[in-house]
Amino acid sequence: MKITHDALAEKFIADEPRTDWHDETLWFVRAKRDKAAHGLPEWEQLREWGSQIKNRTLSNLSNYLIEFEKNALANGIKVHWASDAKEHNEIVHEIIKKHKIQKIVKSKSMLTEECHLNEYLHHHGIEVVDTDLGERIVQFRKEPPSHIVLPAIHLKKEDVSATFHEHLQTEKGNNDPQYLTEAARQHLRNKFVESDLAITGVNFAIAETGGFVVCTNEGNADMGAHTAKVHIACMGFEKLIPKAEDLSVFLRLLARSATGQPITTYSSHFHKPRPNQEMHIVIVDNGRSKQLGREDFRNSLKCIRCAACFNTCPVYRRSGGHSYHTAVAGPIGSILNPNLDMKANADLPFASTLCGSCSNVCPVKINIHEQLWKWRQVIVSEGYVATGKKVGMKGASFLFSNPKMYRLIGKIGRWGMRAFPLMINNKANPWFKQREMPEAPKESFRDWYLKNGKNKS
Amino acid sequence: MKIALFIPCYIDQFYPKVGIATLQLLKKLGCDVEFPLEQTCCGQPMANSGFASLSKGCDVNFVKNFSGFDYIVAPSGSCVLHVKEHLKDDTNPIEAEQIRNNVYELTEFLTDVLKVKSLKAKFPYKVGLHNSCHGQRGLHLSSMTERMLPEFSKPEQLLSMVEGIELRKPKRNDECCGFGGTFCVFEEAVSVKMGKDRIQEHEVNDVDFITGGDTSCLMHLEGLLKRKGSKVQTIHIAEILNSSL
């Protein structure tokens, strides 16, 4: 079995100053989000609208998908349907092969991460250059992104400097962000100019117009799409919205939730290919239909990938994105990934205290923490739980269902803790590793109540 | 008005003083309180671990103990939230529903039902309030920093009636302490780190006590404080509201 969240988190936290820095950095983003949201008196209303529009979309998804395809085709866009990650990768590969293209740039797309497109194409001898600065950094380091909006947020400028020194021959030890960004800029500019094909993600696909919107802060989606002969946009089918006017809700929610900006620097609207350009859209299912069919979890598909739930999550901030061992980390990842592979991701819904902060910041009102709770029930009922835990829970259930037994065991347990503290205060007890156990009193509350409480007080 | 006192299992076993303070406080305020003697646990430890299917016995026992009262009051937001959201009894569905509707966390019972306007309590110390998540975000005992809604706090409202108390707010007023039920042992490293970070903010404020409405969070913080030999102590809000030093 692969390493689970708790073990990966423990490894991350072992470097405490770095954990503190990671926590503070993401808390800073959360605070910016709060400030931006506080700036809009209608914030809670916007969330409600965002939620309702997405609910409507999901309830009528098949119709909206057909409408979108019809309008996109009429605009001259080629539309492809992929039932899973493999089909998605094959479709993209086919287009590349058809044009005999070698140089490819890609702007940020979590869908292509989910489908492991880069690895697939690499395996077929095709290299893709990620052009989002954070993604380029992690690509150099052969790491996956640790955050869906801030892919290299786990790295400090010293790390970036070392990586760029190795791959871009920048000065060793020069940590100046301006200098490093300029080096990346010059490097990427050449890649844009040379490229023949651009892959982008999609933030919103509009059924009414057959067009789509890509949001970036670096303009890299535009740089890629505007220079390449072929533009492939990849989207999970939940990216659909019914009307162009719905953007007036989502574009306001997205950037404020993600980074605290009033709007992303570039909200690029693509409707049809330029003369002599080819434009493709690949619409991907990859488990989404199955999630849509799960009543308790379907509204996870409302997600607009703002990552506000990452930034607010006290666990994510202290365990780092890689501890979630999936393309989409954080609280939203923990309710999406069990659907993709329940066994491999059975640990994720438990990587939460159920504090509920994620649901509170979600701009489309996904009840994330309630779904985490519900996934726990599904995972246990499907049997993806350690035997020890199961036995312990059965014991607890028996004890708490039998008041006399509960009192007896409680009394013996407390006596044991007082008489033989080392039985409890030892290495095998994860509580005791860094915390003292509570003191075990001679009397329970009930004992006291029977003696003193009933009539006197 | 007949009130049943619901004392969560870990308070019964490890923190009887919290139960005693709750009972004394309610009696001082003129309530007719009874402690149903065969109560055990609300079932939350199983349910939050994915074993809601194993909490039936708890549910049945809970309904047996707490039927027929006007209100059920407990010094724990977390257990109350669990009962409110998940208590089920197929043979006594009406009783179960009544319990779900009538179960109150202590501070909300004081502010919303008893509408307490003053308290004869004195606690001349510097105190930091830990807002426990289930009470705050689940039961809405106070406003939340994520939401853009008017500010309020039921526990602060009550603490401000205590003579001599000096409340000091931590920088992150409603961040989770990392207890999280079985999370505290299955995700030990994250749980401890979260707790240490909470403590650090209160220590910067130079408080004498950290208080809150959930003994579970306080037990976790107390374990960390004791291990590091801190002078900061934990105390349940019922003990402060009941104090007459």
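What to note about this one:
- Here the condition is being surrounded by fewer than 24 Cβ atoms within 10 Å (Cβ to Cβ), part of a helix (DSSP H, G or I) and polar (S, T, N, Q); of B:T107, B:T111, it holds for B:T111 alone.
- When A:S257 is tested against the conditions (1) within 30 Å of A:N337 (Cα to Cα); (2) surrounded by fewer than 19 Cβ atoms within 10 Å (Cβ to Cβ); (3) among the polar types (S, T, N, Q), the lone failure is (2).
- Qualifying residue in the stretch B:27-35 (condition: within 29 Å of A:S352 (Cα to Cα) and buried (at least 20 other Cβ atoms within 10 Å of the Cβ)): no
- Taking helices (runs of 4 or more DSSP H) as the structural unit, those lying wholly within the stretch A:1-96 and holding at least 1 residues that are of a type outside the set (S, T, N, Q), closer than 28 Å to A:K302 by Cα and away from every other protein chain (no Cβ under 14 Å) correspond to A:43-59, A:61-74.
- Test for B:R198: is it without any contact (Cβ under 8 Å) to a residue 12 or more places away in the chain and either over 21 Å from A:F350 (Cβ atoms) or more than 8 Å from chain A (Cβ to nearest Cβ) (or both): no
- Matching residues, the stretch A:280-301, being in contact (Cβ under 8 Å) with a residue 60 or more places away in the chain and over 28 Å from A:K106 (Cα atoms): A:L292, A:D296, A:F297, A:R298, A:N299
- Just so you know, in the stretch A:414-440 the residues that are more than 8 Å from chain B (Cβ to nearest Cβ) and among the basic types (K, R) include one that is farthest from the chain's Cα centre (by Cα), and it is A:R418.
- Test: A:E443 is assigned to a loop (DSSP other than H, G, I, E, B), facing chain B (nearest Cβ under 9 Å) and more than 46 Å from the chain's Cα centre (by Cα): yes
- Cross-chain or 6+ apart pairs with Cβ under 9 Å, the stretch B:140-160 first and within 14 Å of chain A (Cβ to nearest Cβ), then β-branched (V, I, T) and part of a loop (DSSP other than H, G, I, E, B): none
- Some residue of the stretch B:210-225 being facing chain A (nearest Cβ under 9 Å), farther than 27 Å from A:H369 by Cβ and more than 15 Å from the chain's Cα centre (by Cα): yes
- Checked against the criteria, A:L247 counts as more than 14 Å from every other protein chain (Cβ to nearest Cβ), of a type in the set (A, V, I, L, M) and surrounded by fewer than 24 Cβ atoms within 10 Å (Cβ to Cβ).
- Any chance B:S118 is in a loop (DSSP other than H, G, I, E, B), hydroxyl-bearing (S, T, Y) and in contact (Cβ under 8 Å) with a residue 24 or more places away in the chain: yes
- Check on A:K451, loosely packed, with under 14 Cβ neighbours inside 10 Å, not in a helix (DSSP H, G or I) and not aliphatic (A, V, I, L, M): no
- Failed item in (1) buried (at least 19 other Cβ atoms within 10 Å of the Cβ); (2) touching a residue at least 60 places away in the same chain (Cβ under 8 Å), with A:N89 passing the rest: (2)
- Among the residues of the stretch A:309-360, the one identified as of a type in the set (D, E) and either within 11 Å of chain B (Cβ to nearest Cβ) or crowded, with 24+ Cβ neighbours inside 10 Å (or both) is A:D347.
- Single residue of A:L372, A:L354 found to be aliphatic (A, V, I, L, M) and either at pLDDT below 95 or part of a helix (DSSP H, G or I) (or both): A:L372
- Across the stretch A:382-402, not a single residue is classified as touching an Asp or Glu at 6+ places or on another chain (Cβ under 7 Å), part of a helix (DSSP H, G or I) and either more than 8 Å from chain B (Cβ to nearest Cβ) or free of Cβ contacts under 8 Å to residues at least 40 places away in the same chain (or both).
- Matching residues, the stretch B:98-143, being in contact with a Ser or Thr (Cβ under 9 Å, 6 or more places away or on another chain) and over 25 Å from B:C177 (Cα atoms): B:Q98, B:I99, B:K120, B:A121, B:K122
- If you go through the stretch A:385-429 and keep only what is surrounded by fewer than 16 Cβ atoms within 10 Å (Cβ to Cβ), small (G, A, S) and over 30 Å from A:P349 (Cα atoms), you end up with A:G413, A:G416, A:A419.
- The stretch B:55-104, subset under 27 Å from B:S153 (Cα atoms), in contact with a Pro (Cβ under 7 Å, 6 or more places away or on another chain) and not hydroxyl-bearing (S, T, Y), residue surrounded by the most Cβ atoms within 10 Å (Cβ to Cβ): B:C79
- In the set (1) under 26 Å from A:A258 (Cβ atoms); (2) buried (at least 22 other Cβ atoms within 10 Å of the Cβ), the condition left unmet by A:I77 is number (1).
The values are calculated or read from the model by the stated rules, or taken from the named source; none is laboratory data. None of the values given here were measured: they were computed from a predicted structure. No Cβ is skipped: glycine too gets one built from the backbone with ideal geometry, and neighbour counts run over all protein chains shown.
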